[in-house]
Amino acid sequence: MSDSSGVGEQVTALSTSPDAPRTRPPTDKRHAHDLAAYILQQYEYATSGKGGRLTFYVTQKVWSSLEPVLLRDYKLSCDYFPRAQRLVVRMHSQKHENFILKLGSRITAQLGVIASESGPAGDFAKDIEAVGQATIRPKNPGYGTHDPDASYRHLGSPLPAVVIEVAYAQRGCTLRALAEDYIFGSLLKIRVVVGFDISYRKKRATFSVWRPVQNPDNKVWTVEATVANRVFRHDNGEPNDQEGLGLTLRLEDFADARTCQDFGAMGREIFVSCGELYQYLERAETTLDDVESTTSEQGSPLKMHHQAITPEEQLTESDEEAFVEDEERVSVRLERDDASYEGNSPD
């Protein structure tokens, strides 16, 4: 096959999880759409509804052609790390989506309370909106394209300033790499990255918070975990009910520094306790169990008999004759109406 796009490098499958089969990389030159179709095929084969990710080795040249196909045409959620030349295709789980929905509702509710107040904090909060899984492309091409699980943007800011990631069995280095890409790639316009590490098989659940920190001596910026692996559900499934522990976001986290300068010191916070996070996760799992249940309300599997489907559009000869007569009557009536209209119209 000729490679009309000029993309000659291969896409190599590095690893899959959870329990996804090892994938054989293509061995010939392919067009960008063929490469994307290959990735989609692996994605559909591995998707189990339990979450996870597919990892591929993809050069930056190939990614420039693949990106619009995967993101725009196939609507896949991806992370591309250009320095490692690694593409991660996310396989979302219902549990994670339910969890992020409940967490997002809590954050939005607290922002709504502040927005109802008078003063700078209220005016600021009025312009904060949840933008969900909008693709974030870096201002610096050395950092990758990412699809966050949730994000919040102030109308005065060019990018979302708060990004939330819910990871399945993500290693800490991967979440840290994501945080660096988001914050440095946005030139510090993204101010906070919150990463939740929720396993499918284990009960333990944690979260971390990354922020940009400047060294006062050499003025060099780094991305630091100001909260690292905070447990909100223990290994035994019990909640972390220690008072005062939880996810804290400052109101000024929701916009870039320049936008915040217009509102002055606001001194307000959004707080979601570890106990609340535990409840959201438990409810998300309960909802998933209900969806996956095969037991009826009577307590046993239902025995169902399906009737044969009869084509609704199949007409008998008498039906067709009736339709013809109706059409002729309508046609005559329309001709009369047109003549009446033309006779009454002015010259």
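Among the residues in region 145-165, are any over 27 Å from Ser65 (Cβ atoms) and in a helix (DSSP H, G or I)? No, region 145-165 contains no residue that is over 27 Å from Ser65 (Cβ atoms) and in a helix (DSSP H, G or I).
Conditions tested, residue by residue: (1) modelled with pLDDT under 95; (2) closer than 25 Å to Met266 by Cα; (3) in the same structural domain as Met266 (by the TED database).
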{"site": "Gln170", "(1), (2), (3)": "yes, no, yes"}
{"site": "Cys173", "(1), (2), (3)": "yes, no, yes"}
{"site": "Asp197", "(1), (2), (3)": "yes, no, yes"}
{"site": "Phe232", "(1), (2), (3)": "no, no, yes"}
{"site": "Asp241", "(1), (2), (3)": "yes, no, yes"}
{"site": "Leu249", "(1), (2), (3)": "no, yes, yes"}
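For region 171-190, residues that are buried (at least 18 other Cβ atoms within 10 Å of the Cβ) and in contact with a Lys or Arg (Cβ under 7 Å, 6 or more places away or on another chain) total 2. Go over the candidates Ala205, Ala150, Ala177 one by one and state the one that is among the aliphatic types (A, V, I, L, M), under 24 Å from Cys274 (Cβ atoms) and under 19 Å from the mean Cα position of the chain (by Cα). The unique qualifying residue is Ala150.
Every residue, every condition in (1) within 24 Å of Tyr143 (Cα to Cα); (2) assigned to a helix (DSSP H, G or I); (3) among the hydrophobic types (A, V, I, L, M, F, W, C); (4) out of contact with any strand residue (DSSP E or B) (no Cβ under 7 Å at 6 or more places or on another chain), yes or no:
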{"position": "Thr174", "(1), (2), (3), (4)": "yes, yes, no, yes"}
{"position": "Ala177", "(1), (2), (3), (4)": "yes, yes, yes, no"}
{"position": "Leu188", "(1), (2), (3), (4)": "yes, no, yes, no"}
{"position": "Ala265", "(1), (2), (3), (4)": "no, no, yes, yes"}
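Among the residues making up region 115-136, those that are more than 17 Å from Lys189 (Cα to Cα) and either among the acidic types (Asp, Glu) or not assigned by the TED database to the domain that holds Gly156 (or both) are Glu117, Asp123.
Within region 204-245, how many residues turn out to be in a strand (DSSP E or B) and among the small types (Gly, Ala, Ser)? Quick ask: steps written out before the conclusion?
If we filter region 204-245 for residues that are in a strand (DSSP E or B), which is where we start, we get 205-214, 221-233, 239.
Now narrow it down to the ones that are among the small types (Gly, Ala, Ser): 205, 208, 225, 228.
Summing the residues that are in a strand (DSSP E or B) and among the small types (Gly, Ala, Ser) in region 204-245 gives 4.
Do we find a residue being modelled with pLDDT of 95 or more, among the aromatic types (Phe, Trp, Tyr) and over 30 Å from Lys202 (Cβ atoms) anywhere in region 144-155? No, there is no match, as no residue in region 144-155 is modelled with pLDDT of 95 or more, among the aromatic types (Phe, Trp, Tyr) and over 30 Å from Lys202 (Cβ atoms).
Going by the conditions given, is Thr59 hydroxyl-bearing (Ser, Thr, Tyr), surrounded by fewer than 19 Cβ atoms within 10 Å (Cβ to Cβ) and at pLDDT 90 or above?
It is false that Thr59 is hydroxyl-bearing (Ser, Thr, Tyr), surrounded by fewer than 19 Cβ atoms within 10 Å (Cβ to Cβ) and at pLDDT 90 or above.
Scanning region 74-132 for residues that are basic (Lys, Arg) and touching a helix residue (DSSP H, G or I) at 6+ places or on another chain (Cβ under 7 Å) gives Lys95, Lys102, Arg106, Lys126.
Put simply, of Val162, Val227 the only residue that is in the same structural domain as Phe263 (by the TED database), closer than 27 Å to Val89 by Cα, buried (at least 19 other Cβ atoms within 10 Å of the Cβ) and modelled with pLDDT of 95 or more is Val162. If you check Leu87, Leu111, Leu70 for being more than 12 Å from the chain's Cα centre (by Cα), surrounded by 15 or more Cβ atoms within 10 Å (Cβ to Cβ) and closer than 30 Å to Glu276 by Cβ, only one passes: Leu111. When we screen Ala36, Ala46 for residues that are at pLDDT below 80, hydrophobic (A, V, I, L, M, F, W, C) and not assigned by the TED database to the domain that holds Gly185, the only hit is Ala46.
Within region 68-80, none of the residues are farther than 28 Å from Ala284 by Cβ, at pLDDT below 90 and among the small types (Gly, Ala, Ser). Being surrounded by 12 or more Cβ atoms within 10 Å (Cβ to Cβ) and among the polar types (S, T, N, Q) is true of Asn240.
The values are calculated or read from the model by the stated rules, or taken from the named source; none is laboratory data. These numbers come from a predicted model, not from an experiment. Positions of Cβ are backbone-derived with ideal geometry, glycine not excepted, and every protein chain shown enters the neighbour counts.
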